[in-house]
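Visitor: Before I ask anything, let me first share the structure, which is written out below as structure tokens.
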């Protein structure tokens, strides 16, 4: 068994007063009635999808209040910016039964366990569990940036969530992050993490985290190791070879994630260009996608990564993998940690919660 090393109880992240004030203002703006938000104008993409009015208002407001682009800064400064922006989108943090941090094979994780009637489930009880990899282009993001996402899933799905603090580029480029998430997932799937039902494990993540979840499944399959029951891929990166799909071109600017950001992420994560041809970097480069776990893939209508996410879902389905593909037509890239400001984000994450409960066989008495 992997015994938690010096577990510590963790409260929701804290931020400066100015960040809280800005977050409340963002929440107030996007909670205006839809007919008022439509005054900000409507935007339709080439597929005929219409950007949600509250998302449109947020993007316009972000132009006014945003400072420097993190792609023009050192990664350490960008990490602070992305954590604060995540708080702006989260606004509130759901209550769960317990949150602790410890090490699994040298990798720090944050373990969320849901509340139960009469209290938290005993730590000794093995629970269905989601191993979650945060987004941030393999360069940014943290346990804090996706704390609200993990709490939401834990509370609403009534499953445990283990968020992985994998190493980031450029200090630790590919394959360091994949090595870390593989270590944690393998420990969970082999019954070495207390409180985890090794027969009911899912892996998931958003953006770069979705990429790591997909790559992890490919690696475990290739090595003949135990596989999770479900992979949950939110707006995943599935191809770093060209960055030249129709959605990359259409949404290159003005929709939060930009072409400039993607190039910046790619340069840091894969300074060795040959690595971009690896299926563990670009899952769409895999010749064979058969034998992978069932997949829930959710993309956004106004996201550079939309087309490659949908193509990966189609390729898996063609290879015989059970796949549920969902395009959230009115959303942009960072919707999993924007539940505090966007109605569509809340609906999208609730839908994913339903898929997770079904995939892990969660039944509430």
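Visitor: Just from the alpha-carbon atoms, what are the Rg and Dmax of region 203-341 in angstroms?
Guide: Radius of gyration, then largest Cα-Cα span, for region 203-341: 14.2, 43 Å.
Visitor: Taking the Cα-to-Cβ direction at residue 115 and at residue 241 and moving 7 Å from each Cα, how far apart do the two end points lie in nm?
Guide: With each label placed 7 Å out from Cα toward Cβ, I get 4.9 nm.
Visitor: Fewest to most neighbouring Cβ within 10 Å: what's the order for 262, 316?
Guide: 262, 316
Visitor: Starting from the Cα gyration tensor of region 8-360, take the square roots of the eigenvalues, sort them a ≥ b ≥ c, and report rounded, prolate or oblate (rounded when a/c is under 1.5, otherwise prolate if a/b is larger than b/c, else oblate).
Guide: Rounded is the answer for region 8-360, as its axis ratio a/c remains below 1.5.
Visitor: With N set to the number of residues, divide the alpha-carbon radius of gyration of region 255-311 by 2.2 N^0.38 Å and report two decimals.
Guide: 1.29
Visitor: When the Kirkwood radius is taken over all Cα pairs of region 160-253, what Stokes-Einstein diffusion coefficient follows at 37 °C and 0.692 mPa s, in µm²/s?
Guide: Value of D from the Cα-based Kirkwood radius: 229 µm²/s.
Visitor: Another question, if that's okay. Taking the Cα-to-Cβ direction at residue 358 and at residue 50 and moving 7 Å from each Cα, how far apart do the two end points lie in nm?
Guide: Once both label points are built, they end up 2.8 nm from each other.
Visitor: Taking the simple approach of a point 7 Å from Cα along Cα-to-Cβ for both residue 9 and residue 92, what is their distance in nm?
Guide: Output for this residue pair reads 2.3 nm.
Visitor: Let me check I have the definition right: for region 102-186, take the eigenvalues of the Cα gyration tensor, multiply each by 5, take square roots. What are those semi-axes in whole Å, largest first?
Guide: 26, 14, 9
Visitor: Please order 327, 116 by the number of other Cβ within 10 Å, starting at the fewest.
Guide: 116, 327
Visitor: Kindly state, to the nearest 0.05, the FRET efficiency for residue 77 paired with residue 249, given R0 = 25 Å and r defined as their beta-carbon distance.
Guide: So, using R0 = 25 Å, E works out to roughly 0.30.
Every read-out reported here was derived from the displayed coordinates using simple, explicitly stated rules and does not represent laboratory data. In this text the structure is predicted, and so the values were computed from the model without any measurement. So basically every Cβ, Gly included, is an ideal-geometry build from the backbone, and we count neighbours across all protein chains shown.
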